[in-house]
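Novice: Have a look at this one.
The values are calculated or read from the model by the stated rules, or taken from the named source; none is laboratory data. These figures come from a predicted structure and were not determined experimentally. Reconstructed Cβ throughout: ideal geometry from the backbone, glycine too, with neighbour counts over all protein chains shown.
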Amino acid sequence: MSERVKKGGSTKPVLSKDEESVLSSEPGLGNEGLTAGGIKRRDFLKIIGVIGGTAAVTGGCSSEPVEKIIPYVIPPDDVIPGVSSYYATTCTECPAGCGIVVENRDGRAIKIEGNPENPINAGKTCARGQAVLQGLYNPDRTRSPLGRNSSGELQAIGWEAAEKALIEKIGEVRKQGKGNRIVFLTYNVSGTFDKLIKEWLNALGGGKHVTYETFAYEPLQEANKISFGTDRIPTYDIEKTKYLLSFGADFLETWISPTEYARKYSDAYTYEKGRVMGKFVQVEPRLSLTGANADEWVPIKPGTEGFLALGIANLISSSGGVANPANLGNYTPDRVSEITGVPEETIRRIAKEFTESKPSLAIGGGVANTGTNATDTLVAINMLNSVAGNVGETVDFGRSFTLSKATPFREIKSLVDSMANGEVELLLIHNVNPAFTLPKSLGFEEALGKVPFVVSFSSFVDETTRLANLVLPDHTTLESWGDFIPKQGIYGLIQPAMRPVFDTKSTGDVILSVSKNLEGLKDQFNQGTFYDYLRDSWKEVHEQFGSGKDFETFWFEAVQRGGVFRKDQPSAQAQISGSDVALSEPKFEGEGDMYFMAYPSYRYYDGRGANKPWLQELPDALTQVVWDSWAEIHPDTAEKLGVEEGDFVLIESPYGKIETQALVYKGIRPDTVAVLIGLGHDSYGRYAEGRGVNPIDILPPVVDEKSGGFAWLSTKVKVSKTGESARLVKAQHTQTQDGRNVARAVTLNELQSGVHHEEGHELHEIPGHEYGVYKPHEHIKYRWGMSIDLSKCIGCGACVVACYAENNVAVVGKEQVAKGRVMSWIRIDRYFEENAKGGLEARFMPMLCQHCDNAPCEPVCPVYATYHNYEGLNAMVYNRCVGTRYCSNNCSYKVRRFNWFTYKWPEPLNWQLNPDVTVRSKGVMEKCTFNIQRINHARRRAQEEGRDLKDGEVTPACAQACPTDAIVFGDLKNPESRVSRLAKSERGYGVLAELNTKPAITYLKKVKRDEA
Amino acid sequence: MNHETTITYSRVNHDIIRMLDKPGAKWWILFVLDLGVLAFGLFCFLYQVYTGLGVAGYSHPVFWAVYITNFVFWVGIAHSGTLISAILFLFRARFRLSIYRIAEAMTVFAVFTAGLFPIIHLGRPWNFYWLFPYPNQRELWINFKSPLIWDVFAVSTYLTVSSVFFFVGMIPDIAAIRDRVKETPRKIMYSILSLGWKGSDWEWSHYTRAYLYFAAFATPLVISVHSVVSWDFAMANVPGWHTTIFPPYFVAGAIFSGLGLVITLTVPIRKIFHLEEYITVANFEGMAKLIMLTSAIVTYAYLVEPLMAWYSGSPYEWGQFVYRANGEYAFFYWTMIFCNSIVPLVLWFKKIRTNINALFIISIFINIGMWFERFNIIVISLSHEFIPSSFGLYRVSWVELGITAGSFAWFFMFFLIFIKTLPAISIAELKEILPIPTKEAKTQ
């Protein structure tokens, strides 16, 4: 369908004319347009014709796909068909700045993996990082510049006309001498783009660059300023700690740098033999995914975290802690208990544990928990660290985050005011969506209406862009040049992983080319493209870190490795300076009786993930909800309100109301109701629009008193039942294990005292298995197997999305998920358990094909479409499958997926499809293959080199992505391989091994604490 | 039976062949209505093939549902025909005589219907022939370990044998019709079908031997086919399926449901064609007694299954039975118990089992109950297997209902044609029990 044009040694798949027409007429079917729903008139007539007996029955069944094959006449130099190239670049989905490697096959980016060179994520990714590709290939991207036509609608215009419009506008503003009334609003761009914008605005007459981050950390900065005299955001070395007390920091989801912290968490707080397993306590009103991974969840009254911190500090200092600041004595356990709602006994116990397990660390400041006293709270937490003697060991200001450079919220507020007052002549907006992420009460949209000319560089027509006068769509990160400096010592480079998909242009290039036509700017901005500008700018980096290499070598290496990462970045440990304690009570707006918590979602972040179907279909780990919002309500409260799961509830604050379905469960305090941030778009493409609600809409424009940061948790709301009800669409409807010991756990004491009964061994054989009628399978050279450590799995879903990307797994949409027709090959089962103290314990269990040695699915297939191969894989032959579905019925693990329809990938989402994996059509079964394509690839390479495969040479997408290394893959025949050793672990067991399925996956039991 | 006074050879010929008279308006209305429903069923099927199996109500993990229920239901129905004609023939049970032809026809048409469902339920029905072992250049073969392959053989063997048996039994009767029919096309048809039957002693002697042989040959099939069908489930490891009681339980259930449908069909035919003298109350009572027996066997199975599940100590098995009685599908489970175990108990009263109207109503209950039995076994078991995260609920879709209705229409289409083309009661066998015509008889 697409022809390839050779140009400048690179290839670019170009949309042909008829494809364009397909693209523009893509119908917005219900169920996300992903399934072949409904029946067209023609097809209806076809079927009727068949009934009439006029045609053969087959007439309506099969139609051959039309394919045009266009060969290369002159093959491009750098493309070998079927061989991938890999480009290291940097992810910009959140400010963490993880390094990624993009696989490019035949000119198209098809897969993202973490960049192992980058010390932030060390080769791992989160679910959002995996889904970057669906931003690149999003069918609702802005395909060309848009301008307002005579009737005021946005309409496609050419680049020439678009740039001309911008030049004219800038010229006009400058002529009036209002060059200082130009505002450039971006996210927290760091590095060269930041420099270009600042220089450019200066040259234009002193405009203002505002960097807006939805989730900024002003209270943390302010608190650090008070306590340590620096307003930076440090790196917390939680991997060095043994006791972690987190006051609402959701560091496994969105807090500062989640992939980095997930790895660090795994290094210290999961079980490994011969290492002390740290204890992790999470204090927050609503159980976050991070909290669900904690050893203990302390549901605290919203806004009172600081009191608890000081209460603990008081206990520690009175029992001989380090310093003893004034008036700590006021925070007696009984008073603190009364304020926070945390039992006195718990406070005393935590205080004891916090001093006993060294080094310990208290962190705090999750977005959702940020109230009007956020700075005070964080100062109190710093105080706690200081009293416990933690300061100076585990808080590293030497590797602080550049996120602290984001414009404070109070300046965003004043920007909105100046916009409203007509003090902004020209507003340039780059990749931020304040119309969605700022509370409605701030009046951003109205203020935007007062700005004479608004230019958006967004790749999508989001809520802000649709109000713009001119849209100059930027490339997405995967198509651009640039750099990103997330923290000190890390200079991430951004390079294009493929030629642009659409007629977009890098904003840096736009600035440079516009400057060529602006008076007086020609000489200053003489670089041809942003790429040249970037190189020039990197000469400074070269001077610093070039270590004697010439620039070309340095540049080449940096581009190749995805940036420059300083391993020897000096650490600068914090030293406490202030010791005042002045804790204020949290303030709440609204008359309601429930605290309202709008919390950031690890799937959508600030809403930018909502247009990616993979993230929409990834079930929320704790609630299992997909494609929609929900309101979390405690069962006791639900009973009072007469609400059951699926009932619509109305949440009213003084600033508005939202209506969404209730989800009743114990993961929240009875006095709190919570709704996730990210959904509720009314303009962001087909996957995001009209889905769920945006809780930010009803938040008041209240700030944290000391830092001026936005106070997310500052509202009290009224919650009432509307009377409407619908089934809440979830991927898993059950809550518990139903008494079945599937996701097992063992206590630390049992393990350490040797009481624990070991049950796992390599093949999970049961007594008497040798009496089978058939001979056991022979595994000639390798037997592939896996181990999954339940102690390490945090339920983040990175593996699930990675699997979607690697294996062309179809997204089916909400309607189909409601029928249980999710196609994911790996899913995260979630079971709630009551722990000894009646608390809620969540167990996450990645479940995928177990590649059983004695697979129940194999003998029942009448046509050998599924069979056992010589490497222990339970193979699946799509072509041979007739679709009896018997294999799935007989699968004890329920991991087989059936293609109920031929699922669609709207153009150009299908460009992402992995050419090594068959795209399945309707009527066939599919399931996890252990990435047989990767195994084959590695085996061929080994054969070419005349050797055997080495351990670790094959890594399936799930294991590759897993930020905590919970999944390990390898050869079970090799006794030295990592997976073989793990399979013999004392914690190992086979799920449902008593059925004699002999699964190739060994699960390692979760390790619990006895006291928790 | 005491026919001496009323029924004669000539009356038999007349009464039975009278049924084959040109169909009247009522028949045509029924036939057209039936074809209408069938056309809708066919539309549903083609829509499903075109769009994908997703238009049916399947949900994870319930991957078999109404179609396989229908399959087992119709295979079950197909049982009693052969049972009544072959086994009861061997046992010389006289009450079979007047009803066995209807039962045999029902058998053949039910197998026709049952055979459709394994194809309808396939994800890619156009490849259904891959389930047959045929030589091909791709050197692909079928998996003889799979119970579905056994099904293919069992059902196709059963179809062949029951059709041949059905046909062989009719040869003398067809010859009798041939001799009475006047219009040429029908005459040609019956001439071909009667295979040149002349009614000679030589022919009769071979014929009776052959019939006995077929009866003996068909008898084990009655047991084997439904045993094999039950293995579709019993061989799988699904809790609620994986049990050794299934083969006898299924065979008894099949006879039970087959007898139910025989009564449902015979009562109206008897009334419409005024066959009260041929199909007597005693015939019905015989069937009713067999229903009592099979109902008791089925009920026993209903009790033993949960007992074994409990005794096994397997949480999965026991969980399954608690779920059946107590879960989302409890209504279907208790409907089944009511229809199959409670309702047939009234047959212990002779007054009821000799009351044709009461029998008709009871037979409807049995049909419903037995359909739900299969639904329960298939759907409830699949809804509640091993992994607690993957418990699911199934909701039927209009496409499945349309195809199910269509399958009934398909069955009745054959039946309506049969009633008007072939003798619904065996003329030859009836005559065997009548007094040989004498002059006195003739003058009467």
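Novice: Just one of the numbered conditions (1) touching a Pro at 6+ places or on another chain (Cβ under 9 Å); (2) part of a helix (DSSP H, G or I) is not true of A:SER892; which one?
Specialist: Only one criterion in (1) touching a Pro at 6+ places or on another chain (Cβ under 9 Å); (2) part of a helix (DSSP H, G or I) is unmet by A:SER892, namely (2).
Novice: Here's something else I'd like to know. Which of the residues spanning the stretch A:963-981 are touching a residue at least 12 places away in the same chain (Cβ under 8 Å) and farther than 16 Å from A:GLY872 by Cβ?
Specialist: Across the stretch A:963-981, the qualifying residues are A:PRO963, A:THR964, A:ASP965, A:ALA966, A:ILE967, A:GLU976, A:ARG978.
Novice: If you take the residues in the stretch A:171-188 that are more than 38 Å from the chain's Cα centre (by Cα) and farther than 11 Å from A:ASN202 by Cα, which one is surrounded by the most Cβ atoms within 10 Å (Cβ to Cβ)?
Specialist: Only one residue fits best here, namely A:VAL173.
Novice: Among the residues of the stretch B:241-261, which ones are part of a helix (DSSP H, G or I) and either surrounded by fewer than 19 Cβ atoms within 10 Å (Cβ to Cβ) or at pLDDT below 85 (or both)?
Specialist: B:PRO247, B:PRO248, listed by residue number.
Novice: Go through the stretch B:225-269 and give me each residue that's among the small types (Gly, Ala, Ser) and either under 16 Å from B:ALA296 (Cα atoms) or more than 14 Å from chain A (Cβ to nearest Cβ) (or both).
Specialist: B:SER227, B:SER230, B:ALA252, B:GLY253, B:ALA254, B:SER257, B:GLY258, B:GLY260
Novice: Something else now. Test A:LYS927 against the criterion of being buried (at least 20 other Cβ atoms within 10 Å of the Cβ), in contact (Cβ under 8 Å) with a residue 24 or more places away in the chain, within 14 Å of chain B (Cβ to nearest Cβ) and not small (Gly, Ala, Ser), and give yes or no.
Specialist: Judged against the criteria, A:LYS927 is a match.
Novice: Ok, one more. Among the residues of the stretch A:848-876, which ones are on the phi > 0 side of the Ramachandran plot and buried (at least 23 other Cβ atoms within 10 Å of the Cβ)?
Specialist: Once the filter is applied, which keeps residues that are on the phi > 0 side of the Ramachandran plot and buried (at least 23 other Cβ atoms within 10 Å of the Cβ), the stretch A:848-876 yields A:HIS851, A:GLY872.
Novice: Say whether the condition of being surrounded by 21 or more Cβ atoms within 10 Å (Cβ to Cβ) and within 24 Å of the chain's Cα centre (by Cα) is met by at least one residue in the stretch B:174-192.
Specialist: There is at least one residue in the stretch B:174-192 that is surrounded by 21 or more Cβ atoms within 10 Å (Cβ to Cβ) and within 24 Å of the chain's Cα centre (by Cα).
Novice: Now, a different point. Go through (1) within 14 Å of another protein chain (Cβ to nearest Cβ); (2) at pLDDT 90 or above one by one and return the number of the condition B:HIS60 breaks.
Specialist: Result: B:HIS60 fails condition (2) only.
Novice: Farther than 17 Å from A:TYR269 by Cβ, touching a Phe, Trp or Tyr at 6+ places or on another chain (Cβ under 9 Å), part of a loop (DSSP other than H, G, I, E, B) and modelled with pLDDT under 85 - does that describe any residue in the stretch A:247-254?
Specialist: No, the stretch A:247-254 contains no residue that is farther than 17 Å from A:TYR269 by Cβ, touching a Phe, Trp or Tyr at 6+ places or on another chain (Cβ under 9 Å), part of a loop (DSSP other than H, G, I, E, B) and modelled with pLDDT under 85.
Novice: Take the conditions facing chain B (nearest Cβ under 9 Å), at negative phi and either surrounded by 21 or more Cβ atoms within 10 Å (Cβ to Cβ) or modelled with pLDDT under 90 (or both) and apply them to A:MET845. Does it pass?
Specialist: yes
For (1) hydrophobic (A, V, I, L, M, F, W, C); (2) more than 14 Å from every other protein chain (Cβ to nearest Cβ), each residue gets a yes or a no:
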site: B:ILE297; (1), (2): yes, yes
site: B:ALA301; (1), (2): yes, yes
site: B:GLU317; (1), (2): no, no
site: B:THR335; (1), (2): no, yes
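Novice: For the stretch A:852-873, which residues satisfy the criterion of being within 17 Å of A:ASN936 (Cα to Cα) and in contact (Cβ under 8 Å) with a residue 60 or more places away in the chain?
Specialist: Passing the criteria: A:HIS868, A:TYR870, A:GLU871, A:GLY872, A:LEU873.
Novice: Give the stretch A:893-908 a look and list any residue that's crowded, with 20+ Cβ neighbours inside 10 Å and either away from chain B (no Cβ under 14 Å) or within 26 Å of B:PRO388 (Cβ to Cβ) (or both), or say none.
Specialist: Scanning the stretch A:893-908 gives A:TYR893, A:LYS894, A:VAL895, A:ARG896, A:ARG897, A:PHE898, A:ASN899, A:TRP900, A:PRO906, A:PRO908.
Novice: Moving to a separate point now. Any residue at all in the stretch A:869-879 that's within 26 Å of the chain's Cα centre (by Cα) and either within 14 Å of chain B (Cβ to nearest Cβ) or acidic (Asp, Glu) (or both)?
Specialist: No, that holds for no residue.
Novice: I'd like the full set of residues that are under 30 Å from A:ILE658 (Cβ atoms) and either away from chain B (no Cβ under 14 Å) or aromatic (Phe, Trp, Tyr) (or both), limited to the stretch A:716-758.
Specialist: A:LYS716, A:VAL717, A:LYS718, A:VAL719, A:SER720, A:LYS721, A:THR722, A:GLY723, A:GLU724, A:SER725, A:ALA726
Novice: For A:GLY508, which of the numbered conditions (1) more than 27 Å from A:ALA435 (Cα to Cα); (2) buried (at least 20 other Cβ atoms within 10 Å of the Cβ) fails to hold?
Specialist: Failed condition: (1).
Novice: For residues that are touching a residue at least 24 places away in the same chain (Cβ under 8 Å) and either of a type in the set (A, V, I, L, M, F, W, C) or not in a helix (DSSP H, G or I) (or both), scanning just the stretch B:123-151, find the one that is nearest to the other protein chains (Cβ to nearest Cβ).
Specialist: Selected residue: B:GLY123.
Novice: Against the conditions (1) under 26 Å from B:GLY240 (Cα atoms); (2) of a type in the set (S, T, N, Q); (3) more than 14 Å from every other protein chain (Cβ to nearest Cβ), where does A:ASN890 fall short? Just the number, please.
Specialist: The failed condition is (3).
Novice: Does A:GLU815 count as more than 11 Å from chain B (Cβ to nearest Cβ), out of contact with any Lys or Arg (no Cβ under 7 Å at 6 or more places or on another chain) and surrounded by fewer than 21 Cβ atoms within 10 Å (Cβ to Cβ)?
Specialist: No: the conditions fail for A:GLU815.
Novice: Report yes if A:SER787 is modelled with pLDDT of 90 or more, crowded, with 24+ Cβ neighbours inside 10 Å, among the hydroxyl-bearing types (Ser, Thr, Tyr) and not in a strand (DSSP E or B), otherwise no.
Specialist: no
Novice: Taking the condition part of a helix (DSSP H, G or I), away from chain A (no Cβ under 14 Å) and in contact (Cβ under 8 Å) with a residue 12 or more places away in the chain, does B:PHE214 pass?
Specialist: yes
Novice: Could you list, ordered by first residue, the pairs with Cβ atoms under 9 Å in which the first is in the stretch A:235-264 and farther than 12 Å from A:ALA96 by Cβ and the second is crowded, with 24+ Cβ neighbours inside 10 Å and of a type in the set (Asp, Glu), at least 6 apart or interchain?
Specialist: Listed by first residue and then by second, the contacts come to A:SER246/A:GLU284; A:PHE247/A:GLU284; A:PHE247/A:GLU305; A:GLY248/A:GLU284; A:GLY248/A:GLU305; A:ALA249/A:GLU284; A:ASP250/A:GLU284.
Novice: Quick one: would you say B:GLY54 is without any contact (Cβ under 8 Å) to a residue 40 or more places away in the chain, assigned to a helix (DSSP H, G or I) and within 14 Å of chain A (Cβ to nearest Cβ)?
Specialist: Judged against the criteria, B:GLY54 is a match.
Novice: Condition first: polar (S, T, N, Q), out of contact with any strand residue (DSSP E or B) (no Cβ under 9 Å at 6 or more places or on another chain) and assigned to a loop (DSSP other than H, G, I, E, B). Now tell me which residues in the stretch A:357-401 satisfy that.
Specialist: The one that is polar (S, T, N, Q), out of contact with any strand residue (DSSP E or B) (no Cβ under 9 Å at 6 or more places or on another chain) and assigned to a loop (DSSP other than H, G, I, E, B): A:ASN373.
Per-residue answers, yes or no, for (1) modelled with pLDDT of 90 or more; (2) of a type in the set (D, E, K, R); (3) farther than 30 Å from A:THR736 by Cβ:
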| site | (1), (2), (3) |
| --- | --- |
| A:PHE551 | no, no, yes |
| A:ALA558 | no, no, yes |
| A:GLN569 | no, no, yes |
| A:LYS587 | no, yes, yes |
| A:TYR599 | yes, no, no |
| A:ALA610 | yes, no, yes |
| A:LEU618 | yes, no, no |
